[in-house]
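Here's the structure, in structure tokens; my notes come after.
Nothing in this text is a laboratory measurement; each read-out follows from the coordinates by a stated rule. Note that this is a predicted model, so its numbers are computed, not measured. When we count neighbours, we look across all protein chains shown, and the Cβ atoms used for this are built from the backbone with ideal geometry, even at glycine.
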Amino acid sequence: MSSFILDGKQIEFKQGQTIIQAAADHGIDIPHFCWHPSLSISGNCRVCLVEVERMPKLVIACSTLAAEGMVVHTNSEKTLAARNAVMEFILINHPLDCPICDEAGECKLQDYAYQHSVGESRFTEEKMHKDKRVELGPHVMFDGERCISCSRCIRFCDEIAGEPQLTFVQRGDRVTIVTYPGKELDNPYSLNVTDICPVGALTNRDFRFKARVWDMSSTKSVCSGCARGCNTDIWVRSNEILRLTPRHNEEVNSYWMCDEGRLNTFKHVNSESRVSGPQIKRDGKLNKSNWDEAYAAAFGELKSYTKDEIAFIGSAASTCEDNYILAKFAKTVIGAKHIDFPRHIKAGDQDNILIREDKTPNALGAELAGIRPAADGLTFHAIMKAVDEGRIKALYVVEEDLVGLNPAYKETLRKLELLIVHASNYNETTELANIIFPAATYAEKNGTWVNFQGRIQRIRPAVTTIEGDRSLDNLAMSRLDKFGTEFDRWGNVKKMDARPVWKIISGLANTQSGKFRYSTSEDVFNELVKSVPDFSGLDYDVIGEKGAALKKFVNTKTV
Amino acid sequence: MEKIVLPDIPNFDKIDTYLANGGFSAYRKALTQYPDDIIDQVKKSGLRGRGGAAFSAGLKWSFMPKTTDKPKYLCVNGDESEPGSFKDRQIFEYNPFQLIEGILITCYAIGAKTCYIYIRGEYHKWVKFMEKAVETAYEKGFVGEKMKEVFGGGFFCDIHVHKGAGAYICGEESSLMNSIEGKRPYPRVKPPFPAQNGLWGNPTTINNVETITNVPAIINKGWEWYASIGEPKHPGTILFGVSGHVNKPGVYELPSGTLLTDIIYSYAGGVPGNKKIKCVIPGGSSMPPLRGDQLEGVKMDAESLRMAGSAIGTGGIMVMDEDTDLVKVLARITKFYYHESCGQCTPCREGTGWMLKLLNRILRGEGSTKDVELLVSVANNIEGNTVCALGEAAAWPVKFMVTRFRDEFEARVKESAAREVVNKVHSMRRTVNPISPINI
């Protein structure tokens, strides 16, 4: 392999790599604004100017190819002079409004101003004025004065979203970014520009002014919006999710996620409609109960039906662990054979970027974990037909709003004698339920999902529940690490009385047998790995932060 | 003295006159030779680009890949927008067919099938001239597929006249290509250079109008003849556009190496009112200005002007007499580059505006000696740090005008006042090692 010298350090590079790429591969950050590893090179910010021996002028590290024996200085007098000059230029017309800027705390310009500029400017003229608070589209707000014209957003729209909706207009320091007159920045991926904007010029209208970024904790998770399973960070303050952002995973979503997933997959967690505490219907009215009472009631009711009269509905939104325990309970404790889960296919809503037709995060995992009918069992539609015909009298539904899926099921479900539901939020299905178990959402529990590529990925609790607060299976960091600021009032906020599916069903099973002994979802997963060959070789550490391909999918090209 | 580019022949812009004076004989002669031989002759002739950088034309042609499946292009740069330059339009008006013949020879030499003549957006009149001439050439079969019948030899090429939309930056060769492609004319990051990655990613050569117009004479009369004209290191005739405080402003075709003082006093008729000269910009507004007392013995060719502390540029000579307010001149020049900075890269986008604001402050009488220093410092911070040469074009006039006429500027400002205002970006000096964990 070829190598060059970067500040006295030998750096290996692949043919065709630029200096900045080769450095990045070795974990060395050469300051840059406009360069982004997934976008074309524009070379406009000039912050990455470096000195290369035997080259007459400074060169930009983002476009200069690394060459054998090249000697590069990122800290030489000449380089520092150029970098300081460029930093000063960038800042002369920048409003320096960090105290009221949403980007503060995660702003490249702010970071570099501290790291790489001299701290003061010689500019005493009036700054350029440009349009502020421009609604570029339904989700994105633009501040022209903060913009440093790096063109990342323009290149993102052109190259990644495939919809060239943004452009520069004007010249010189009047340059600003607009959409075509009468058009909006409304592509399905528009909010990614707020992530890659190195300053606070492009902000997320849904998140604007909600929190300072340093007051939030972030937790590595996976988007629940479709079968892609984009890697995300969940940002929480005071036990409330304020935003999701994509997390880099080249195998799954690169640096991106869609607006739908970003905006519409977490609001139910914070919603007023959350179910808190088990609910048992008596005389047509739901009453809050305690867990043990609810377990006993549910188990007793289930036992009063024959196994042909009972069906179980799992969910592709639940984790593999949840579905595994559900299947195990249904098959070994109840002896049921009618077990399946409904698909959520939105025909045609798919592209060749990220979005998948299957709007669930774990269809593959649910099936592999055992949510499928026995040889003589009924599939989902057959189960619903059997309910309609009165052949099935008791239905156990996990994390599925069947009426929401198909309004006609309202009448179908009325024919049941017993409907037990796990739900995080009240909905039309819970209205018909005899017993409701409050379900912890994906943001409140550990577990795994298998995406459409056959890649297993972990979700982690970002928000705590009453139960989670005391369990071994909760937040990854200690309280102080995670909620370290005095503005994060995690201690005295409302917490839900909700539990993950695997824990509820274990409780149910243990009212009689006591054989479902798991203290964490990891315990469940380890048993799953032993009993389902598709998962062999895996554990939570192997899956790690970026997931792992299930063996039989390793060589499947699905990206 | 024989004139090569603008001969004193009446009606030379008419095809019949052009043909009667040996028109297209150079192309016929070129067809009897190998393309590489043509490139070789132009290289040996010493023909250097007339667009500003004075780069060897033959050498530039030789960068074009010999074996490639891609189409090759020639662009003729007629975006002449530099203040003080007005020579190419004379060629469009008075000698369009020699330009066309030069294009044919160049296309043959580099293997290009398509040529774009890119003409400055404000040159409506000259676009019309050139369109007319190209149309005539097509009708006569001198351009396009009919060339094969008219000249024989199996080679043909097409010429398109492309009118710019009115931006100085389009004269920068990579901006010009983006403009032809219909894109925003931002200069491209180099390398790759146009010969590798030009129009639509294909090999492309870009030459100035005047450069190309010289080519037929070199082929016709031989490289030895051309190399013997004027200064050996920068041979041939050069079109000098003289403007400012002279009695007879205009375009003069003279051998390279002609004395600057001869051009001003003999050809351009001297300074009105016999005033003294304070300042001369010898190559268009972006080139370093010379002091009036530095003009003696300065010859007008690339090497001599470099020695004299300036550059040949486009040969646009701007003469300013002793009564000229150079602060005002510099403010006006800087306003031009501020207006024309494309805004792509940081130093030029931000720096041109800053320099203009400083100059305006000095003009208003509110400047201090510190502002003069700052002006030079800002210019130095732009120079060498930009994507294209417009950074230098904006920085050089400021840097050299201030350093060469410092007295003029200092006379306009107050002793550095206690105006110790600093715009605090943050209160911390550098405390962090510049190399920090990767942060996309």
Fill in the blank from the handout: Taking Cα pairs closer than 8 Å and at least 6 residues apart, the relative contact order of chain B in percent is 15
Practice task
Give the relative contact order (percent, whole number) for segment B:326-410; include only Cα pairs under 8 Å separated by 6+ residues.
Solution key: 35
Problem - Normalised alpha carbon radius of gyration of segment A:2-91 [divisor 2.2 N^0.38 Å] - result: 1.00
Handout entry: Volume in Å³ per residue [convex hull over Cα atoms, computed for the protein assembly as shown]
Key = 202
Fill in the blank from the handout: One finds, for A:Ala382 and A:His248 with R0 = 60 angstrom and r their Cβ-Cβ distance, a FRET efficiency to the nearest 0.05 of 0.90
Practice task
Give the share of C-alpha pairs in each 20 angstrom bin for chain B, from 0 to the last occupied bin, in whole percents, shortest bins first.
Solution key: 25, 53, 20, 3
Problem - Filtered trypsin sites (Lys or Arg not before Pro), segment A:28-107: DSSP coil and at most 10 other beta carbons within 10 Å - result: A:Arg54
Completion exercise
Percent antiparallel among DSSP beta bridges confined to chain A, rounded to 5, stands at 70
Handout entry: Normalised contact order of segment A:69-138, rounded percent, pairs of Cα under 8 Å and 6 or more residues apart
Key = 37
Problem - Cα principal axis extents for segment B:326-410, largest first, Å - result: 33, 19, 18
Exercise for the section: Select from A:Cys157, A:His381, B:Gly244 the residue farthest towards the positive end of the dipole of the protein assembly as shown; place +1 on Cβ of Lys and Arg, -1 on Cβ of Asp and Glu, and compute about the Cα centre. Expected result: A:His381
Problem - Counting DSSP beta bridges with both ends in the protein assembly as shown, the antiparallel % (nearest 5) - result: 60
Practice task
Mind sorting A:Tyr518, A:Tyr112, A:Tyr396 by how few other Cβ atoms lie within 10 Å of their own Cβ, fewest first?
Solution key: A:Tyr518, A:Tyr112, A:Tyr396
Problem - Restricting segment A:258-315 to GluC sites (Glu not before Pro) in coil, as DSSP defines it, with at most 14 other Cβ within 10 Å - result: A:Glu272
Exercise for the section: May I have the extent of the alpha carbons of segment B:15-228 along their three principal axes, as whole Å values ordered from largest to smallest? Expected result: 40, 37, 36
Handout entry: Whole-angstrom gap from segment A:295-320 to segment B:42-61, using each part's C-alpha centre
Key = 86
Handout entry: Residues in segment A:225-252 reached by a label modelled at A:Ser38 [backbone nitrogen below 19 Å; 7 Å Cα→Cβ]
Key = A:225-235, A:243-252
Exercise for the section: Divide the volume of the convex hull of the Cα atoms of segment A:82-152 by its number of residues and quote the answer in cubic angstrom per residue. Expected result: 110
Practice task
Note the full-extension length gain between A:His268 and A:Asn290 as 0.36 nm times their separation in residues minus their Cα-Cα distance, in nm to one decimal.
Solution key: 5.6 nm
Handout entry: Under 13 Å, Cβ to Cβ, from B:Asp158 - net charge with Lys/Arg +1 and Asp/Glu -1
Key = +2
Exercise for the section: Kindly provide the pair-distance distribution of segment A:279-553 built from C-alpha pairs, with 10 Å bins from 0 and whole-percent values in order of increasing distance. Expected result: 7, 29, 36, 22, 6, 1
Handout entry: Share of pairwise Cα separations in segment A:74-216, more than 26 Å, in percent
Key = 27
Fill in the blank from the handout: Within chain A, cysteines having no neighbouring cysteine beta carbon under 4.7 Å are A:Cys48, A:Cys62, A:Cys98, A:Cys101, A:Cys107, A:Cys147, A:Cys153, A:Cys157, A:Cys197, A:Cys226, A:Cys258, A:Cys320
Handout entry: Proximal lysines to B:Lys146, defined as alpha-carbon separation beneath 24 angstrom and excluding residues fewer than eight positions away on the same chain
Key = B:Lys14, B:Lys29, B:Lys70, B:Lys72, B:Lys113, B:Lys128, B:Lys132
Handout entry: Between helix B:390-404 and chain B: long-axis angle, C-alpha atoms, 0 to 90°, nearest 10
Key = 50
Problem - GluC sites (Glu not before Pro) restricted to segment B:259-323 and DSSP loop, no more than 10 other C-beta within 10 Å - result: B:Glu296
Handout entry: Charge-dipole axis of segment A:83-135 as Lys and Arg at +1 and Asp and Glu at -1 on Cβ define it, positive-most pick from A:Pro99, A:Val118, A:His129
Key = A:Val118
Problem - Percent of C-alpha pairs per 10 Å bin, chain A, short to long - result: 3, 16, 23, 23, 16, 10, 6, 2, 0
Completion exercise
Sorted by chain and number, the residues with a modelled amide H under 5 Å from that of B:Ser56, at a separation of 5 or more or across chains, are B:Gly49
Problem - Calculated FRET efficiency for the pair B:Lys14/B:Tyr265, C-beta based, R₀ 51 Å, to 0.05 - result: 0.90
Handout entry: Estimated FRET transfer efficiency when R0 is 35 angstrom, pair B:Asp293-A:Lys132 (beta carbons, to 0.05)
Key = 0.10
Completion exercise
As straight-line cross-link partners of B:Lys125, the qualifying aspartates and glutamates (C-alpha separation under 20 Å, not fewer than 8 residues apart within one chain) are B:Asp13, B:Asp79, B:Glu80, B:Glu82, B:Asp88, B:Glu93, B:Glu135, B:Glu210
Exercise for the section: Would you list, by chain and number, the aspartates and glutamates whose Cα falls below 13 Å from the Cα of A:Lys285, excluding same-chain residues fewer than 8 positions away? Expected result: A:Glu431
Exercise for the section: Treating the Cα atoms of segment B:233-321 as identical point scatterers in vacuum, please give the log10 of the normalised Debye intensity I(q)/I(0) at q = 0.22, 0.25 Å⁻¹, two decimals. Expected result: -1.01, -1.35
Completion exercise
Rounded to one decimal in nm, the spacing of the 7 Å Cα→Cβ label points at A:Glu77 and A:Lys210 is 5.1
Problem - For segment B:15-228, share of DSSP beta bridges that run antiparallel, in % to the nearest 5 - result: 5
Fill in the blank from the handout: Normalised Cα Rg of segment A:401-461, dividing by 2.2 N^0.38 Å with N its residue count, works out at 1.41
Exercise for the section: Please state the charge dipole magnitude for the protein assembly as shown, taken about the Cα centre, from unit charges on C-beta atoms (+1 on K and R, -1 on D and E), reported in debye and rounded to the nearest 20. Expected result: 340
Practice task
Just rank A:Phe452, A:Phe535, fewest to most, by other beta-carbon atoms within 10 angstrom.
Solution key: A:Phe452, A:Phe535
Handout entry: Cysteines without a disulfide-compatible partner [chain B; Cβ-Cβ under 4.7 Å]
Key = B:Cys75, B:Cys115, B:Cys170, B:Cys279, B:Cys342, B:Cys345, B:Cys348, B:Cys388
Problem - Cβ neighbours within 10 Å from other chains - mean over A:136-149 - result: 1
Handout entry: Unit Cα scatterers, Debye sum, segment B:172-219: log10 I(q)/I(0) for q = 0.13, 0.26 Å⁻¹
Key = -0.34, -0.91
